[in-house]
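Note sheet for the following structure.
The values are calculated or read from the model by the stated rules, or taken from the named source; none is laboratory data. This is a predicted model, so every value here is computed, not measured. Cβ atoms come from the backbone with ideal geometry, glycine included; neighbour counts cover every protein chain shown. To get the accessible areas, we keep the full protein, side chains included, count just its heavy atoms, and leave off ligands, DNA and RNA. Shrake-Rupley method; radii C 1.70, N 1.55, O 1.52, S 1.80 Å.
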Amino acid sequence: MAVYQMAAGILDKLGRKEGAVKSLVYDSGYKNVRQLYALLCETLRFSSVLDDVIASSQLLRGGNKKLPFNLAKVLVYDLLFGKGLQCGGYWKATILAHRARLQAELAKLKVKKKVSNNQDLLTSLGGVADGPALPRYVRVNTLKSSMNDIISYFKRQGYTYLGKARSIEEIAQFAQKPGKRFLQDSHIPDLLVFSPNTDFHKDSLYTAGHLILQDKASCLPALLLSPPVGAHVIDACAAPGNKTSHLAAIIQNKGKVFAFDLDTKRLATMSTLLLRAGITCQELANQDFLTVSPDDPKYQKVSHILVDPSCSGSGMPDRMRMLGEEAGSDTSERLQALSAFQRRALSHALSFSSVQTVVYSTCSVHQEENEDVVKDILEQYTDFRLVKVLPSWPVRGQNTFPGSDSCLRASFTETLTNGFFVALFQRKDEGSRSSVTCDEQKHLNTAHTAAKERLCSKPEEKSNLIQVTLKRKANNMANAKSTTKKSRKKKRKMKDS
């Protein structure tokens, strides 16, 4: 009964606008967060249907007036649409006593709306239907397993492996057909793709941390940041921790991942996730990233920073937006407040003296939180440039400033993911060093030789050039003599032997 009472309490708080579902669930202290979250998700989705059925059945009249409405709502949801009531006691007996009447009213409602199933009924009453579902994406935790081992495991479980996807279109066609089949993703090397609604929460590899259930778009920030093995990395707004675990896997659990989050309970949940995934290189801090000093000696080796700040969550599917940390209408004032915070977070990341690469990402579709933030920061930090990420990715940043196509966007309809935005900043000096090709190096060597041979126009420059040239010749002669002596000694030894 505890989960129903907890869910009813959260529905009460939602009615009083005391928070968003996700934060209220995390703050509830309930042990099985996933169960509570799922129950609330489905109850909210069927809210309009439940209101109608409860009213027409007169469930809360007579001797049942003391039954709280929201408690009745979650109980009736599980009776009519869920797995059946998973509790005992007086309120269960009350609901079961009205089961026939509740089922009859549900049937009448379908006849009235001229529909034959629950999903059509949901849509007809203005609810949120599931619609075409996203594929189930599963990231292989390479700290515990290899891709080949995981593929072999699923084959033993009766799944058919279809190889690596060649395109998003192939994944779209795959997702329309149910069955025990899976693909390797076309963009994320460690990502597997299964049919929608495939459930792995009870799979032994998931519970042991070998598998991470993570949307494809959410994998992009760590993949594109791509810190080298042993790097020191900051995850600025880390909870719930999937991106942190991905970063740790990329650096092979070496170096350090500094992860910051202000929410104590979310940080505790994140710590459990990282422990299960075998992460040992993390250093978690219950701290606002904006209060972290870039001059702190602890962070002097930080070369890569991931900034995924709070956002409107507008890239999440409609059903999930009800559950988002930032649930609510995206008013102009709210977007301005969010983008101001996002600018501060990104600006703070770029102020670390040793940082070379910074990824900025949001799960928002709004230009105010994406391209506008990037444009302003580029104007402010002229020693950084945008890098064009994943050129093969089909959806680019909106054309609002020169170079905006270096950014990428993701969406349900075009990339079969949640809505997302990613931009990669690189310090210009670092970019210059890393982008020199063999041909460019030959050109630089030729130019250097020409400069040495060129007569300087000023006498003092000519004198300096002559001195440098003579010094180099002297060093070369000394090295040649040393090499000759070593060669003679080697020949004598061979002759003596």
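At-a-glance table
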read-out	value
Largest-first ordering by accessible area, 1.4 Å probe, given options Arg139, Arg101	Arg101, Arg139
Spherically averaged projected area in nm², based on the convex hull that wraps the Cα atoms of the range 239-282	2.5 nm²
Approximate spin-label separation Phe200-Ser167, in nm, with each point projected 7 Å along Cα-to-Cβ	2.6 nm
Surface accessible to a 1.4 Å probe, Met1 within the full protein complex, Å²	60 Å²
Of Lys83/Lys113; Lys13/Lys375; Lys83/Lys112, those spanning more than 29 Å from alpha-carbon to alpha-carbon	Lys13/Lys375
Accessible heavy-atom area order of Asp429, Asp372, highest first, probe of 1.4 Å	Asp429, Asp372
Cβ crowding within 10 Å averaged over residues, with 251-259, 411-419 ranked highest first	251-259, 411-419
Compactness of the range 194-264, expressed as Rg and Dmax over alpha-carbon positions, Å	13.4, 37
Listed residue pairs exceeding 22 Å between alpha carbons, taken from Lys31/Lys216; Lys164/Lys216; Lys180/Lys243; Lys144/Lys202	Lys31/Lys216; Lys180/Lys243
Built amide H within the under 5 Å cut-off of Val233, gap 5+	Lys256, Val257, Phe258
For the range 81-234, share of DSSP beta bridges that run antiparallel, in % to the nearest 5	75 percent
Of all accessible heavy-atom area on the range 229-299, the percent that carbon and sulfur account for (1.4 Å)	52 percent
Heavy atoms of Ser56 accessible to a 1.4 Å probe, total area in Å² rounded to 10	40 Å²
FRET efficiency, 1/(1 + (r/R0)^6) with R0 25 Å, evaluated for Gln380 and Ser332 via beta carbons	0.65
Ranking by accessible area, most exposed first, for Val229, Val359 with a 1.4 Å probe	Val229, Val359
